[in-house]
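Undergrad: Dumping the structure here so I can ask a few things about it.
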Amino acid sequence: MTIAPVSLYWALALYAAALVVLRIVSRRLLLPVLGAGLVVNCLAVAYRYSQAWPMLPMHLAPVLTPAVLACLVMVRSSVQAPPDTRERQVRQLALLFMFVCLLAAQLFPKDFYLSFLRSDSIFAHAMLFAGTVGRACFLLSIAWSTVFFIRSSAEERSVCMRRALSWAAWGVVFWTLSMFSGEMWSYLGWGTPVVWDDPAILLMMAAWFLYITLLHLHFSRAWGLRARALFFAMGGFAAIVLSLLADFGPFRPPW
Amino acid sequence: MRGVSVRSTAEILLVGIVLLVFLLSGCRQEASQDSDKEDRSGGEARPAFLQIGEFAVHRISANRTEVRDGAGRTLILIPRGAPVPDDCDPRHVVRTPVKRVAAYGYFDVAALRMLGVLDEVLVGVTVPEKEWARCSADVARGMREGRTAYLGDASSIDFERLKQMEPDLVLTWDPSSLPLLDDLHIPAVITSTPQATCLSARMRYVQFLAPFFGREKEADAYFARIDAALRDIRARTAGAGEQPKVMWGDIYEKRVMVEPGNAWVGELVGLAQSSYQFEDVFGTSCIEISVERFLYSGETADIFFTYRSRESGASSKEAIARLNPLIKDIAPLRSGRVFAPQPCYIQSMDKLDEILTEISAIIHPDLYPGYMLKYFDELPDRDTAHDKDTRS
Amino acid sequence: MRILARFWKALGSMNLTILLCLLLAADVVWGYAAIRWRTALFIPLNDLGLFAWMQTYGRHNLTYTGWFFALLVLLALLALNTASCTLERVRHVLAARSSLSVVRLAVKLGPHVMHAAVLVILLGYLASYLYTEVVVGTVLLPGRSYTLPGDAGVITFVEFRHEVYQGSRLKVFQGEVIRPEAAMMLSAKGRQREAILGFNQPVRLNGYSIHLSDFAPKKPGGMRLNKRIDLHIRKDPGVVLYLTGIGMFCLGLGLYMLDWRMYREVRQ
């Protein structure tokens with residue numbers, strides 16, 4: 001059995017364990033368990049890269065996104081003072097997102113395409129990584145806007161929205177850098193920044209427009225806080241689903 | 001600055017919608033006007049623009065038709081005697097009707113047969129006479145009579161011989177011949193495409209070639225024939241209880257190639273109430289995928305169509321397993337059915353209706369009682385004594 | 001004039017921005033489905049001009065291409081919206097510049113630089129799709145030359161200088177070309193220079209960019225195909241614009257992030 005299929009199931013188990021640890025057992029065990037899950041997840045990514053380098057592994061985003069999200073959670077956990085309830089709830093949601101994303105990657109794999117020669121470009125790799133970091137930021141934004149509805153005090157909700165906005169803004173930064181990298185790659189490789197053979201670029205644009213909408217909703221204050229939080233959560237979720245749609249294949253049961 | 005009132009926003013939106021409606025209605029109006037443009041032949045109404053997969057035909061006027069070939073090149077068809085417009089590159093001008101054609105591929109030769117012009121126009125092929133003799137007697141006869149020349153293998157064309165045959169047009173899948181054909185001032189059409197040909201494009205390919213010969217009626221008749229066959233397949237298989245799982249491809253050394261879901265075979269399998277195992281795969285014909293995916297799809301497949309013919313080693317399931325030990329355990333080789341193309345399959349694309357019907361009959365044999373295979377062979381479990389003798 | 005001024009001001013509404021972005025998101029999702037269903041309709045957009053495509057593929061297949069026309073309208077409205085909003089806000093910022101330091105003024109202009117960059121990028125795309133000169137289907141054999149349109153220069157394919165994969169990690173590519181490179185000789189105005197053409201390594205000559213579209217054979221010495229390179233040649237006036245727009249956007253982003261970090265506490 002190859003390393004990749006084994007490691008993804010282990011990563012799934014460890015992310016689920018981290019969620020249980022955070023909720024029930026002991027918060028102090030979160031970092032080691034999550035770290036173990038991250039290591040295993042990274043092994044799976046490394047395996048896919050080893051099968052493709054210097055070319056780009058195809059449709060790697062659903063496997064890479066949980067790893068990047070785990071990194072962000074771990075970095076936040078390690079630099080921050082003991083987390084408050086809000087932060088813990090956000091981490092729980094982030095762990096849930098990691099688990100669901102990786103599970104979907106296992107059940108709907110699209111790992112059968114061979115890498116193509118033209119993907120041997122620094123801009124192609126930058127597009128993948130920047131886009132994944134952006135997506136991970138969006139997921140944290142969704143988590144914060146979801147926690148908004150769990151918290152009851154106005155001050156806490158205000159903090160949740162500020163954090164959601166902050167993560168959404170970072171997500172837009174990296175998402176935009178990803179799109180620019182993709183355009184550079186496309187221009188160098190095909191002569192035009194948008195190649196209409198592959199419609200996946202349109203889903204990236206859809207996610208970008210949705211998040212630009214979210215940011216402008218915040219700046220315009222046209223909607224109230226609650227409505228904006230709902231839009232952050234639902235609109236963000238739609239953006240994530242759209243951005244990953246092209247990377248999933250048909251249902252493949254593991255049995 | 002806060003946002004302006006919602007009313008102003010609505011006004012702007014209304015302006016945008018009105019603009020869009022004008023744009024679209026203008027397009028529709030022009031489209032309906034263009035669809036009334038007359039064809040050169042017989043004065044019948046023909047669409048001004050026809051898209052056939054990655055090919056296209058754009059009738060600009062009675063004296064000018066532009067076509068787009070598989071490589072995205074534009075050729076301009078000008079009737080004989082009509083002046084060549086100044087904006088045309090002479091290398092891309094084709095005088096119609098075309099009277100002399102050299103064709104690289106079996107499918108293009110079959111297309112000429114579909115249009116009823118093969119005997120008149122075919123002057124060069126890239127396959128020797130003995131390969132045509134069994135399945136394409138008309139081509140073999142033309143070669144014997146000296147009307148059609150063997151130009152050499154496609155990778156090493158005898159351009160001197162080609163020049164002697166004086167073709168008006170070359171139908172080729174090989175872009176490397178373009179520079180040399182340009183030197184000889186012979187226009188060429190690239191007949192291969194980056195993406196696999198879908199079912200509609202496969203049926204309509206003759207409608208792309210028809211303007212070259214002024215045979216639009218024949219092309220339409222051919223399309224109608226194929227369409228009728230498809231409707232028959234749909235009708236027969238509509239009530240089919242079982243949905244067999246079909247795969248189409250093969251493994252060569254370490255390369256796995258399959259027909260993608262967007263190819264005509266993938267679409268036909270779906271249309272015939274069955275499940276194509278590579279329906280989600282998108283790309284060129286003979287697309288390469290991972291071994292793991294091929295084997296996974298093979299675990300549950302009922303029918304396997306291999307690219308190889310008997311002559312290239314697909315004489316039995318046992319032979320295929322011996323050639324490709326990796327796939328020896330896939331379900332069709334263990335307990336299902338395996339089919340290999342007969343030699344005439346590749347030369348019989350003018351009988352696409354029969355081929356489509358045969359594929360449907362293979363998938364649902366109970367719906368086609370007494371059907372005799374003409375284009376595919378069902379492979380036995382083991383080699384016959386004859387096959388073993390042939391191999392040794 | 002008052003009506004025009006009112007109309008122009010209304011065009012800058014942020015509510016309109018929100019609505020347009022939502023419509024654009026929905027429209028491009030429709031476009032994704034349309035391209036997945038009928039990819040062949042949209043491939044010619046890569047080399048035909050915008051009008052040529054609209055008049056042929058576009059208008060004769062509106063069920064699948066209608067989203068693209070809607071996209072053009074929505075992007076046009078978004079451009080007007082962005083221009084109106086940005087101009088108005090920059091006017092306000094500049095009006096208050098006497099009370100701001102240079103640094104503070106620069107970071108306050110950050111978001112507006114980003115918005116201006118969007119306009120420049122959209123303009124670049126428009127120029128690209130309207131005015132690009134494209135030559136498709138150019139094939140060169142070793143030793144063969146091609147003269148660019150208008151005698152802009154001559155490109156000659158000298159030889160292949162591929163990198164062939166010799167390792168064992170990528171089994172499918174063993175013994176095959178993994179990094180295609182073609183040595184080219186570029187001649188113009190009496191001067192010659194050598195250049196290497198690769199898949200993501202175009203060469204430029206007198207405003208034309210030459211891109212490697214395909215090559216053969218993929219396995220040196222092993223296949224029956226003749227040596228050739230397929231080229232995609234473009235003269236695109238929009239390149240400078242959208243690359244500039246990308247640069248401007250990154251600059252504006254940097255200024256905005258600076259504003260966020262430096263003045264976040266004050267604002268909050």
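Undergrad: Would the range B:117-125 turn up any residue that is in contact (Cβ under 8 Å) with a residue 24 or more places away in the chain, crowded, with 22+ Cβ neighbours inside 10 Å and not β-branched (V, I, T)?
TA: Yes, that holds for at least one residue.
Undergrad: Give the range C:1-28 a look and list any residue that's crowded, with 21+ Cβ neighbours inside 10 Å and more than 9 Å from chain B (Cβ to nearest Cβ), or say none.
TA: If the condition is that a residue be crowded, with 21+ Cβ neighbours inside 10 Å and more than 9 Å from chain B (Cβ to nearest Cβ), then C:C21, C:L24, C:A25, C:D27, C:V28 are the ones that fit.
Undergrad: Let me ask you something else. May I ask you to verify whether C:I18 is touching a His at 6+ places or on another chain (Cβ under 8 Å) and without any contact (Cβ under 8 Å) to a residue 24 or more places away in the chain?
TA: yes
Undergrad: When you look at A:F219, is it aromatic (F, W, Y) and either buried (at least 19 other Cβ atoms within 10 Å of the Cβ) or within 27 Å of C:G245 (Cα to Cα) (or both), yes or no?
TA: Values: aromatic (F, W, Y): yes; either buried (at least 19 other Cβ atoms within 10 Å of the Cβ) or within 27 Å of C:G245 (Cα to Cα) (or both): yes.
Considered against the rule, which asks whether it is aromatic (F, W, Y) and either buried (at least 19 other Cβ atoms within 10 Å of the Cβ) or within 27 Å of C:G245 (Cα to Cα) (or both), A:F219 comes out as yes.
Undergrad: Follow-up. Inspect all residues belonging to the range A:75-83 and state whether any of them is outside any helix (DSSP H, G or I) and within 27 Å of A:Q51 (Cα to Cα).
TA: Here is the first cut: in the range A:75-83, the residues outside any helix (DSSP H, G or I) are A:80-83.
Subsequent filtering for residues that are within 27 Å of A:Q51 (Cα to Cα) retains none.
No, the conditions are met nowhere in the range A:75-83.
Undergrad: Looking at the range A:205-255, which of the residues that are of a type in the set (G, A, S), over 17 Å from the mean Cα position of the chain (by Cα) and in a loop (DSSP other than H, G, I, E, B) is farthest from the other protein chains (Cβ to nearest Cβ)?
TA: Just the residues of the range A:205-255 that are of a type in the set (G, A, S), to begin with: A:206-207, A:220, A:222, A:224, A:227, A:229, A:233, A:235-236, A:238-239, A:243, A:246, A:249.
Applying the additional criterion that residues be over 17 Å from the mean Cα position of the chain (by Cα) yields A:220, A:222, A:224, A:227, A:229, A:249.
Cutting the leftovers down to in a loop (DSSP other than H, G, I, E, B) gives us A:222, A:224, A:249.
Details: A:A222: 6, A:G224: 14, A:G249: 5 Å.
For the range A:205-255, the residue satisfying everything is A:G224.
Undergrad: Hey, A:A164 hits all of (1) within 16 Å of the chain's Cα centre (by Cα); (2) among the aliphatic types (A, V, I, L, M); (3) over 17 Å from C:V28 (Cβ atoms); (4) at the interface with chain C (Cβ under 8 Å from one of its Cβ atoms) but one; which does it fall short on?
TA: Looking at each condition in turn, A:A164 falls short on (4).
Undergrad: Suppose we filter the range C:166-214 for residues that are part of a strand (DSSP E or B), surrounded by 15 or more Cβ atoms within 10 Å (Cβ to Cβ) and among the polar types (S, T, N, Q); how many remain? Lay out the reasoning, then the answer.
TA: Looking only at the range C:166-214, we keep the residues that are part of a strand (DSSP E or B), and these are C:177-179, C:181-188, C:191-198, C:201, C:203-205, C:208-214.
Within this subset, residues satisfying the condition of being surrounded by 15 or more Cβ atoms within 10 Å (Cβ to Cβ) are C:177-179, C:181-184, C:186-188, C:195, C:197-198, C:201, C:203, C:205, C:208-214.
Keeping just the survivors that are among the polar types (S, T, N, Q) gives C:187, C:201, C:209, C:213.
Looking only at that region, the number is 4.
Undergrad: Out of B:V117, B:V127, I need the residue that is in the same structural domain as B:F213 (by TED's automatic domain parsing) and under 30 Å from C:D214 (Cβ atoms). Which one? Talk me through it step by step, then tell me what you get.
TA: On the way: B:V117 fails: under 30 Å from C:D214 (Cβ atoms).
Testing whether each residue is in the same structural domain as B:F213 (by TED's automatic domain parsing) and under 30 Å from C:D214 (Cβ atoms) leaves just B:V127.
Undergrad: In the range C:110-130, is there at least one residue being polar (S, T, N, Q) and more than 12 Å from every other protein chain (Cβ to nearest Cβ)? Steps first, answer last, please.
TA: Step one: filter the range C:110-130 for residues polar (S, T, N, Q), giving C:128.
Those still in the list that are more than 12 Å from every other protein chain (Cβ to nearest Cβ) too: none.
No, the conditions are met nowhere in the range C:110-130.
Undergrad: Here is a further query. Could you please give the count of residues in the range C:51-84 that are surrounded by 21 or more Cβ atoms within 10 Å (Cβ to Cβ), more than 9 Å from every other protein chain (Cβ to nearest Cβ) and without any contact (Cβ under 8 Å) to a residue 24 or more places away in the chain?
TA: Residues that pass the stated criteria total 1.
Undergrad: Tally time: how many residues in the range B:64-111 are over 21 Å from the mean Cα position of the chain (by Cα) and free of Cβ contacts under 8 Å to residues at least 60 places away in the same chain?
TA: Residues in the range B:64-111 being over 21 Å from the mean Cα position of the chain (by Cα) and free of Cβ contacts under 8 Å to residues at least 60 places away in the same chain: 14 in total.
Undergrad: Is there any pair linking a residue in the range C:200-215 that is without any contact (Cβ under 8 Å) to a residue 12 or more places away in the chain to one that is buried (at least 22 other Cβ atoms within 10 Å of the Cβ) and β-branched (V, I, T), with Cβ under 8 Å and at least six apart or on different chains, and which?
TA: C:P202/C:I210; C:R204/C:I210
Undergrad: Scan the range C:152-175 and give yes if some residue there is among the hydroxyl-bearing types (S, T, Y), in the same structural domain as C:F215 (by TED's automatic domain parsing) and touching a residue at least 12 places away in the same chain (Cβ under 8 Å), otherwise no. Even if it seems obvious, please write down each step before you answer.
TA: From the range C:152-175, those among the hydroxyl-bearing types (S, T, Y) are C:156, C:165, C:168; that's our starting set.
Now narrow it down to the ones that are in the same structural domain as C:F215 (by TED's automatic domain parsing): C:156, C:165, C:168.
Next, only the ones that are touching a residue at least 12 places away in the same chain (Cβ under 8 Å) stay: C:156, C:165.
There is at least one residue in the range C:152-175 that is among the hydroxyl-bearing types (S, T, Y), in the same structural domain as C:F215 (by TED's automatic domain parsing) and touching a residue at least 12 places away in the same chain (Cβ under 8 Å).
Undergrad: Restricting the range C:29-50 to residues that are in contact with an Asp or Glu (Cβ under 8 Å, 6 or more places away or on another chain) and over 27 Å from A:A238 (Cβ atoms), which is surrounded by the fewest Cβ atoms within 10 Å (Cβ to Cβ)?
TA: C:N46
Undergrad: Is there a residue in the range B:300-317 that is part of a loop (DSSP other than H, G, I, E, B), in contact with a helix residue (DSSP H, G or I) (Cβ under 9 Å, 6 or more places away or on another chain), modelled with pLDDT of 95 or more and in the same structural domain as B:S285 (by TED's automatic domain parsing)?
TA: So the first thing to find is which residues in the range B:300-317 are part of a loop (DSSP other than H, G, I, E, B), and the list is B:301-302, B:307-309, B:313-316.
Then keep just the ones that are in contact with a helix residue (DSSP H, G or I) (Cβ under 9 Å, 6 or more places away or on another chain); that gives B:301-302, B:308, B:313-316.
Restricting the remaining residues to those that are modelled with pLDDT of 95 or more gives B:301-302.
Applying the additional criterion that residues be in the same structural domain as B:S285 (by TED's automatic domain parsing) yields B:301-302.
Taking every residue of the range B:300-317 in turn, at least one turns out to be part of a loop (DSSP other than H, G, I, E, B), in contact with a helix residue (DSSP H, G or I) (Cβ under 9 Å, 6 or more places away or on another chain), modelled with pLDDT of 95 or more and in the same structural domain as B:S285 (by TED's automatic domain parsing).
Undergrad: Continuing with the same structure: Working carefully through the options A:L177, A:L188, find the one that is modelled with pLDDT of 95 or more, in a helix (DSSP H, G or I) and in contact with a strand residue (DSSP E or B) (Cβ under 8 Å, 6 or more places away or on another chain).
TA: Working: A:L177 fails: in contact with a strand residue (DSSP E or B) (Cβ under 8 Å, 6 or more places away or on another chain).
The match here is A:L188.
Undergrad: Considering B:L295, B:L352, which residue is in a helix (DSSP H, G or I) and surrounded by fewer than 20 Cβ atoms within 10 Å (Cβ to Cβ)?
TA: None of the others qualify; the one that does is B:L295.
Undergrad: A:F149 passes all but one of (1) within 14 Å of chain B (Cβ to nearest Cβ); (2) surrounded by fewer than 22 Cβ atoms within 10 Å (Cβ to Cβ); which number fails?
TA: All conditions are met except number (1).
Undergrad: While we're on this one: All but one of (1) more than 9 Å from chain B (Cβ to nearest Cβ); (2) more than 24 Å from A:I212 (Cβ to Cβ); (3) hydrophobic (A, V, I, L, M, F, W, C) hold for C:I35, so report the exception by its number.
TA: Unmet condition: (2).
Undergrad: Working carefully through the options B:V269, B:V258, find the one that is touching a Phe, Trp or Tyr at 6+ places or on another chain (Cβ under 8 Å), aliphatic (A, V, I, L, M) and within 11 Å of chain A (Cβ to nearest Cβ). Give the steps one after another, and end with the answer.
TA: On the way: B:V269 fails: within 11 Å of chain A (Cβ to nearest Cβ).
Residue meeting the stated conditions: B:V258.
Undergrad: For C:V203, which of the numbered conditions (1) under 27 Å from the mean Cα position of the chain (by Cα); (2) of a type outside the set (D, E); (3) more than 26 Å from C:L126 (Cα to Cα); (4) away from chain B (no Cβ under 13 Å) fails to hold?
TA: For C:V203, the failing item is (3).
Undergrad: Filtering the range C:146-165 down to residues that are of a type outside the set (A, V, I, L, M) and under 25 Å from the mean Cα position of the chain (by Cα), which residue is surrounded by the most Cβ atoms within 10 Å (Cβ to Cβ)? Can you show your working first?
TA: First, pick out the residues of the range C:146-165 that are of a type outside the set (A, V, I, L, M): C:146-147, C:149-151, C:153, C:156-157, C:159-163, C:165.
In the following step, the residues that additionally are under 25 Å from the mean Cα position of the chain (by Cα) were identified as C:149-150, C:153.
On the way: C:P149: 12, C:G150: 11, C:G153: 21.
Restricting to residues being of a type outside the set (A, V, I, L, M) and under 25 Å from the mean Cα position of the chain (by Cα), the top hit is C:G153.
Undergrad: Okay, next question. Could you list, in sequence order, the residues of the range C:97-118 that are buried (at least 19 other Cβ atoms within 10 Å of the Cβ) and either over 18 Å from C:R261 (Cβ atoms) or at pLDDT below 90 (or both)?
TA: C:V107, C:K108, C:H112, C:H115, C:A116, C:A117, C:V118
Undergrad: Residue check: is C:L94 in a helix (DSSP H, G or I) and either surrounded by fewer than 18 Cβ atoms within 10 Å (Cβ to Cβ) or out of contact with any Gly (no Cβ under 9 Å at 6 or more places or on another chain) (or both)?
TA: Details: in a helix (DSSP H, G or I): yes; either surrounded by fewer than 18 Cβ atoms within 10 Å (Cβ to Cβ) or out of contact with any Gly (no Cβ under 9 Å at 6 or more places or on another chain) (or both): yes.
Spelling it out, C:L94 is indeed in a helix (DSSP H, G or I) and either surrounded by fewer than 18 Cβ atoms within 10 Å (Cβ to Cβ) or out of contact with any Gly (no Cβ under 9 Å at 6 or more places or on another chain) (or both).
Undergrad: Just one of A:I122, A:I142 is more than 25 Å from A:W255 (Cα to Cα) and without any contact (Cβ under 8 Å) to a residue 40 or more places away in the chain; which is it?
TA: Details: A:I142 fails: without any contact (Cβ under 8 Å) to a residue 40 or more places away in the chain.
So the residue among A:I122, A:I142 that is more than 25 Å from A:W255 (Cα to Cα) and without any contact (Cβ under 8 Å) to a residue 40 or more places away in the chain is A:I122.
Undergrad: Let me ask something else about it. If you take just the strands (runs of 3 or more DSSP E) that sit entirely in the range B:144-253, which of them hold at least 1 residues that are more than 14 Å from chain C (Cβ to nearest Cβ) and among the aromatic types (F, W, Y)? Reasoning before the result, please.
TA: On the way: elements: B:169-172, B:188-190, B:245-252.
Filter on the range B:144-253 gives B:245-252.
The values are calculated or read from the model by the stated rules, or taken from the named source; none is laboratory data. Treat the numbers as computed from the prediction; the structure is a model and nothing was measured. Reconstructed Cβ throughout: ideal geometry from the backbone, glycine too, with neighbour counts over all protein chains shown.
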